[in-house]
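The values are calculated or read from the model by the stated rules, or taken from the named source; none is laboratory data. Remember, predicted model here, so these are calculated numbers, not experimental data. FYI the Cβ positions are ideal-geometry reconstructions off the backbone, even for glycines, and counts take in every protein chain you see.
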Amino acid sequence: MSGITFAEPRLLYLLLLIPAAVIFYVLKQHKASASLKMPGLDQFRGAGKTYRNHLRHVLFALRTLVIGLLIIVVARPQATDSYQDMSTEGIDIILALDISGSMLARDFKPDRLEASKNVATEFISGRPYDRMGLVVFSGESFTQCPLTTDHAVLINLLREIQSGMIEDGTAIGMGLATAVNRIKDSEAKSKVIILLTDGVNNMGEIAPATAAEIANSYGIRVYTIGVGTRGSAPYPVRTPFGIQYQNMQVEIDEDILREIARNTGGRYFRATDNNKLMEVYSEIDKLEKSKIDVQQYLRKEEKYFFPALIAFGLFAFELLIRYTVFRNLT
């Protein structure tokens, strides 16, 4: 329901006649009162006046209200229901997320992994018309969620991700290859992989450059994101006393990430903190916009009956009291 509209809105200008009629009535009453003043009759002033004399103006008020309602009736108020039929030129997106132990580094708040999950959740929520899926990798890779339009399920599976779910390490090539395998048969107009990592490829049977060539052969565009501050960051280190955080040099293979993006028609981004990571996803969101065709349907329902009924009731009441209570005054 989008509100009340009028089929003949220009007729509403007739409502301007009501204040003009009120002014005319007031002036007329004032003139009539002045014409009755006579010298030497002060002692009779107010004599013979009853409550009916003071309430006679109700007749004018009722008649004016009836006229205003009738003007609204002839303007034909309508309630409008709006429906939208959307067709989308779909974009299929796979998020390939590094969950290695280094993703627990705390140069992001609360750490790189949780920050990445939070920003990715907002990204997913902001694209309701796209199919999206999720691949995770560290020393190996697997599909956490295949392509789906059920974003609630996808977000729940994303939130369940934890570092240590699979063998530790950084197999960028395997992560990308798994993502390619999940999206290569898609019939979407645009196929996109967003690969996020914080390290250097050190495991896996497929080299990142090879996986990029495979992606390019299937027309898949890859956006790569390097996560980590510049310089050193507090990394988790297992010690006899439990997990301790030690400052270590941040190493991200930006050259290979740039190569992957360049060879597939994507772009490489470096995120050094939470805000920058949000900006990166926002930029990707702008670059990959779904084409949405919207057809709007309107259903209108006449709403003049209620004001017409009120007008009829007030008119009947005005006639009743005019020829009963105020019979001798009219």
> Of all strands (runs of 3 or more DSSP E) completely enclosed by the range 210-266, which ones contain at least 3 residues that are surrounded by fewer than 14 Cβ atoms within 10 Å (Cβ to Cβ) and more than 38 Å from the chain's Cα centre (by Cα)?
Replying inline: 232-239, 242-249
> Hey, any hits in the range 136-147 for a residue that's in a helix (DSSP H, G or I), at pLDDT 95 or above and either of a type in the set (Gly, Ala, Ser) or surrounded by 14 or more Cβ atoms within 10 Å (Cβ to Cβ) (or both)?
Replying inline: no
>> Whether any residue in the range 191-213 is more than 22 Å from Met103 (Cα to Cα), in contact (Cβ under 8 Å) with a residue 24 or more places away in the chain and polar (S, T, N, Q) is what I want to check.
In response: yes
>> Quick test of your reading of the structure: Lys289 fulfils all but one of (1) basic (Lys, Arg); (2) touching a strand residue (DSSP E or B) at 6+ places or on another chain (Cβ under 6 Å); (3) closer than 29 Å to Ile93 by Cα. Name the failing condition by number.
In response: (2)
> In the range 99-135, what residues are among the aromatic types (Phe, Trp, Tyr) and modelled with pLDDT under 95?
Replying inline: Tyr129
> Can you pull out the residues in the range 179-190 that are surrounded by fewer than 22 Cβ atoms within 10 Å (Cβ to Cβ), touching a residue at least 40 places away in the same chain (Cβ under 8 Å) and under 26 Å from Glu167 (Cβ atoms)?
Replying inline: Arg182
